[in-house]
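Student: The structure follows.
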Amino acid sequence: MLMLTREDVRLGCQAADWRGALAQAAQSLVEAGRVSPEYGEGLLAREAQSSTYLGKGIAIPHGTPDSRRFVRATGVRVLQFPQGVSWHDGSRVNLLVTIAAQSDEHLDILRQLTHVLEREGVAESLAGATSPEEIIAALSRLPVTARLDADTLCLGLPAKDRLELALSAAARLRHVGCVDAGFVAAIAGQQPVPLGQGLWLVFGTTGVFTPALALATPDKRLHDEGGDVTGVFCLAAQGDAHRPLLDRLDGLIARGDGTKLHGLPAEQVLSRLAGESARAETARVRLLNAHGLHARPAGVLVQTARQQSLPVRVRLLEGSTEAVSVTSLSKVLGLGARRGQTLVFSAEGEGAAKAVSALVEAVRGGLGEPVTPLDEAHEVSAPRPLPVVPKAPPAPPPADEPLTAVPAAPGLAIAPAYVVRPLEFHYPERAHDAARERSRLENALLGARQQLGALVQRTVGGEVAQILAIHLEMVEDPALRDSAAEAIGEGASAEAGWWRAIETAARAQESLADRLLAERAADLRDVGRRVLGLLCGVEMPTPPEHPYILVAEDVGPSDVARLDTAKVRGIVTVRGGATSHSAILARALGIASVAGAGERVMALTSGVELIVDGELGRLVAAPSTARRQRTERRIAEQETLRQAAHGRRHEEARTQDGHRVEVAANLGSTAHAADAVERGAEGVGLLRTEFVFMAHPQEPDLATQIAEYSKAFDALGGRPLVARTLDVGGDKPLAYWPMPQEDNPFLGVRGIRLTLTRPEVLETQLRALLTAAGTRPVRIMFPMVKDIEEFRAGKALFDRVQAQVKAADVQLGVMIEVPSCALLAPSLAKEADFFSIGTNDLTQYTLAIDRGHPQLSAQSDALHPSVLHLIRLTVEAAHAEGRWVGVCGELGSDPQAIPVLVGLGVDELSVSSRRVPLVKARIRELTLPRARELAALALKQPTAAAVREALETA
Ligand code: PEP
Ligand code: MG
């Protein structure tokens with residue numbers, strides 16, 4: 001992928017002739033530290049061999065293979081000559097894209113540029129561009145490539161009808177990462193439409209990441225109530241990008257080849273879909289050129305094709321099935337063929353065999369370059385990128401326009417973007433020396449263990465260290481190693497064997513279809529990539545030396561741990577929601593972060609200035625000077641406020657008219673209680689005890705739990721601790737408590753519903769909490785309660801245990817997370833001692849938006865008036881019975897929400913430790929009447945956006 005920054009582009013260059021232009025290009029590479037000065041000779045030598053003019057005013061100077069030794073680091077420099085320069089082959093050049101490549105990375109650049117060439121008016125726009133961003137945007141836009149390859153075929157299935165085949169094809173598209181589960185669900189409800197010749201089609205547009213076509217065929221001739229079934233195609237449609245796939249289907253049917261698909265192996269199916277009829281003459285040849293089919297050998301191939309008596313087409317066996325004309329240089333370059341890949345030539349008609357074999361011979365001969373035979377065992381046979389499906393980034397966010405995303409971690413930051421794109425690994429699939437491969441894998445695993453060990457050491461406590469420790473366990477997992485070793489024993493290379501083991505394990509987890517497990521799958525792949533990087537010698541990207549805002553598809557836990565917090569000012573992710581791992585980690589590290597910003601942020605260029613507002617969930621690219629100055633002023637004000645708040649963190653939080661609101665901390669680990677106290681927390685308002693259970697390989701026994709909880713009570717020095725009983729199930733799995741798959745895990749057996757199925761577990765936990773508390777204040781609450789019945793069932797257990805333990809200062813409460821519970825709060829308030837409102841879940845159930853939903857979670861705003869009404873009902877009911885109410889969901893630390901919550905009468909806010917001083921400071925700014933006024937105003941609004949708007953202007 002061509003990654004350009006502003007620094008890579010030079011506008012308004014002038015040169016008397018092409019040599020002068022080339023000298024400037026060489027000099028700019030030298031200045032960038034990419035090459036030593038001798039590389040300039042290599043550029044000239046290359047032009048002497050043949051012109052590097054590509055078309056549409058673009059030339060791509062690059063050194064000869066011999067001059068690669070002068071390349072220090074792969075890079076590209078783009079020089080714009082608005083007046084144009086006469087090139088030595090007579091062309092007029094406006095843009096020099098000068099490449100310094102150590103190996104064959106330039107192939108990707110070439111491939112990308114060939115797509116640029118296909119666009120109308122590109123020459124004029126590049127020559128006339130007035131900002132580096134314009135040039136970067138024009139050169140960086142990748143076309144969407146639709147997928148149809150061996151991996152999207154599932155042939156010979158023992159299916160009984162069309163519907164089963166349609167589902168298999170859809171599932172295959174999901175398996176290769178082109179679509180999500182929603183797509184498969186949509187297909188499940190469709191009747192395939194007949195295409196003729198026994199072929200059927202289902203298609204969908206929702207949940208499509210990459211346009212693609214899958215084909216499922218039955219193992220035997222099938223005839224169902226709709227007629228013959230030779231196969232069912234499943235099309236994942238997106239914009240216009242899937243059109244070429246439909247064209248190929250059309251072609252297949254028009255040639256009458258549909259019926260002939262039955263029983264064909266994958267290769268021949270692809271050949272038919274590529275437009276090669278059974279009559280076509282085809283021949284294959286492996287490409288031997290060290291640096292792939294780059295401009296010069298491609299030029300020779302094109303010349304050879306033009307000498308033939310009839311048109312010849314070529315496609316890549318390993319890639320998509322699209323066959324292109326061999327006489328088109330840009331199309332041939334667009335294949336991006338690398339050494340070791342197989343070219344398939346085809347032609348039809350008189351003399352076809354001769355034409356095809358002439359091209360095969362030309363390729364075998366090296367196309368003008370010296371070539372060496374392949375070493376099958378160690379060379380790439382099918383270089384495959386990591387199975388992350390590359391997507392074409394849409395247009396970048398417009399300059400100075402706020403973009404809405406999910407607020408993931410509070411804070412305001414302004415800095416240049418650092419856009420991290422997925423890494424690619426190239427490796428041989430097969431190897432013949434299994435012992436050697438195993439030892440390579442062992443070395444890489446050792447290296448990964450050392451890296452992770454060092455990261456764990458460097459990371460002081462907290463969620464980051466916990467997640468890294470999980471990664472360390474994964475690297476040490478004998479099951480993964482055994483599975484990789486088995487694949488190696490069957491002839492796989494260390495890389496292929498390892499990745500297969502990782503993918504199998506990750507997919508097994510994903511298939512359980514719940515969010516937290518899916519995140520575990522991401523962790524597995526994260527670990528997998530680390531080991532792959534060591535095997536392939538691919539280094540993780542190096543972030544800039546200056547402060548920056550990280551922009552990435554998603555940020556894996558170990559990525560966050562690698563971040564230099566002194567430099568990272570903010571994090572922007574394409575995916576994820578406020579409760580994704582990366583968001584939780586960003587909050588733990590105090591880095592401003594927005595999530596779910598959408599694909600368009602990947603089209604940003606590194607170096608473009610960004611404003612990230614992690615509080616409002618806003619992002620502004622290339623802000624105007626006025627906006628930047630405003631933001632800088634707000635950052636300075638916030639820093640002053642932060643310092644003032646920190647100074648008063650141990651004081652109580654009272655409004656100006658003396659109304660007290662307690663501020664406590666939410667904890668995942670009992671080890672962090674001391675830190676919470678140090679930050680001014682008046683107690684723990686939510687101990688998520690499931691983390692205690694997750695931190696142990698099996699259910700912690702009574703003694704272990706007592707020891708764990710005692711740590712927190714000891715650190716709190718008499719301050720109260722609110723512990724939520726085990727809240728697993730649904731989105732929170734527990735490895736040693738297997739649960740059946742549920743279609744809607746959030747609406748399934750989780751929280752109190754689950755623990756009541758094994759009362760002995762709940763009883764042990766209650767006993768441990770009460771015992772650890774002793775004379776110290778403990779408040780225990782049940783999660784996910786829907787009505788008084790569930791509360792009573794839990795309370796019966798509690799009463800039995802408390803009658804034996806007799807802890808001195810105990811209250812038993814209910815988490816208000818399900819709307820039914822808020823509506824029925826009057827009945828609950830009669831029997832529960834307190835309520836703690838879990839606004840995260842309360843919001844998802846009230847708005848019917850999965851809290852981690854990649855597209856919808858941005859709308860899942862807990863300041864929605866419906867949620868506020870439920871909070872009002874809860875507080876009124878509680879106060880009527882003399883009970884207290886806390887808010888322990890994320891809303892409690894939202895600066896806009898705090899006045900509203902105080903105005904609604906909430907007695908306690910429990911927030912992440914880091915936010916305690918600021919929340920206290922915010923309360924101190926208020927008066928109770930003003931807070932009530934704002935609450936009343938918020939309750940009157942029709943939408944969350946209206947609430948925010950009203951609060952902003954009130
Ligand atoms: C909530 O739902 O608001 C809550 C605090 O619980 P959790 O986020 O752990 O589900
Ligand atoms: Mg909850």
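Student: Which of rounded, prolate or oblate describes the stretch 152-257 when judged by the alpha-carbon gyration tensor and an a/c cut-off of 1.5?
Tutor: Judged from the Cα gyration tensor, the stretch 152-257 comes out oblate (a/c at least 1.5, b/c at or above a/b).
Student: Rounded to whole Å, give me the distance from the Cα center of the stretch 302-353 to that of the stretch 168-232.
Tutor: 30
Student: Using Cα centres only, tell me the gap between the stretch 921-954 and the stretch 714-779 in whole Å.
Tutor: For the stretch 921-954 versus the stretch 714-779, the Cα centre distance is 34 Å.
Student: What is the local net charge at L824, summed over the other residues whose Cβ is closer than 12 Å to its Cβ (Lys, Arg +1; Asp, Glu -1)?
Tutor: Summing Lys/Arg as +1 and Asp/Glu as -1 gives -2.
Student: Now for a different question. Considering all projection directions equally, how large on average is the shadow of the alpha-carbon convex hull of the stretch 286-364, in square nanometres?
Tutor: It is 4.4 nm².
Student: Also: Which residues' amide hydrogens lie under 5 Å from the amide hydrogen of Y53, considering only partners 5 or more residues apart or on another chain, with H built in the peptide plane?
Tutor: Residues meeting the amide H criterion: I60.
Student: Going by alpha carbons, how many degrees (0 to 90, nearest 10) lie between the helix axis of 106-117 and the longest principal axis of the chain?
Tutor: 80
Student: Using packing as a proxy for protection, rank 278-286, 169-177 so that the peptide with the highest average count of other Cβ atoms within 10 Å comes first.
Tutor: 169-177, 278-286
Student: Another question about this same structure. Quick one: Cα convex hull volume of the stretch 822-893, Å³ per residue?
Tutor: Convex hull volume per residue, Cα atoms: 77 Å³.
Student: Please report, to one decimal in angstroms, the Kirkwood hydrodynamic radius of the stretch 648-953 built from all distinct Cα-Cα pairs.
Tutor: This gives a value of 19.4 Å.
Student: Can you check how the C-alpha radius of gyration of the stretch 587-707 compares to 2.2 N^0.38 Å, as a plain ratio?
Tutor: Compared with the compact-globule rule of thumb, the stretch 587-707 sits at 1.49.
Student: In cubic angstrom, how much convex hull volume per residue do the alpha carbon atoms of the stretch 6-140 span?
Tutor: 92
Student: Where does each of 73-85, 811-823 land if you order them by average Cβ count within 10 Å, highest first?
Tutor: Listed from highest to lowest mean packing, they are 811-823, 73-85.
Student: Something else about it: If a/c stays under 1.5 just call it rounded; otherwise compare a/b with b/c (prolate if a/b is bigger, oblate if not). Do that for the stretch 584-639, with a ≥ b ≥ c from the square roots of the Cα gyration tensor eigenvalues.
Tutor: oblate
Student: Counting other beta carbons within 10 Å of each Cβ, put L343, L148 in order, fewest first.
Tutor: In order of increasing Cβ crowding within 10 Å: L343, L148.
Student: Going by average Cβ density within 10 Å per residue, which order do the peptides 156-166, 600-610 take, highest to lowest?
Tutor: 600-610, 156-166
Student: Okay, moving on. Apply the a/c threshold of 1.5 to the C-alpha gyration tensor of the stretch 697-848 and tell me whether it is rounded, prolate or oblate.
Tutor: Because a/c hits 1.5 or more and a/b fails to exceed b/c, the stretch 697-848 counts as oblate.
Student: For the chain, find the longest principal axis of its Cα atoms and tell me its angle to the long axis of helix 478-489, 0 to 90°, nearest 10.
Tutor: 10
Student: How large is the Kirkwood hydrodynamic radius of the chain, in angstrom, based on all distinct alpha carbon pairs?
Tutor: Mean inverse Cα-Cα distance, inverted, gives 31.0 Å.
Student: Work out, step by step, the length gained on full extension between E7 and K806: first 0.36 nm times the residue separation, then minus their alpha carbon distance; give nm to one decimal.
Tutor: The span from E7 to K806 would gain 280.7 nm if fully extended.
Student: In addition: Counting only helical runs of four or more DSSP H residues, what would the 222 nm mean residue ellipticity of the chain come to if each run contributes -39,500 (n - 2.57) and the total is spread over all its residues?
Tutor: Estimated from H runs of four or more residues: -12500 deg cm²/dmol.
Student: What is the helix-to-structure angle for 295-306, meaning the angle in degrees between its Cα long axis and the longest Cα principal axis of the chain, kept from 0 to 90 and rounded to the nearest 10?
Tutor: Helix 295-306 sits roughly 50 degrees off the main axis of the chain.
Student: A further question follows. Please work out how much length the chain gains when fully extended from L310 to T130, using 0.36 nm per residue of separation minus the C-alpha to C-alpha distance, in nm with one decimal.
Tutor: This chain segment gains 60.3 nm when fully extended.
Student: Report, for the chain, the % of DSSP beta bridges that are antiparallel, rounded to 5.
Tutor: Expressed as a percentage, antiparallel bridges in the chain total about 50.
Coordinate-derived values only; no laboratory data. These numbers were taken from a predicted model, which means no experiment stands behind them. Glycine also receives a Cβ, built like all others from the backbone with ideal geometry; neighbour counts cover every protein chain displayed.
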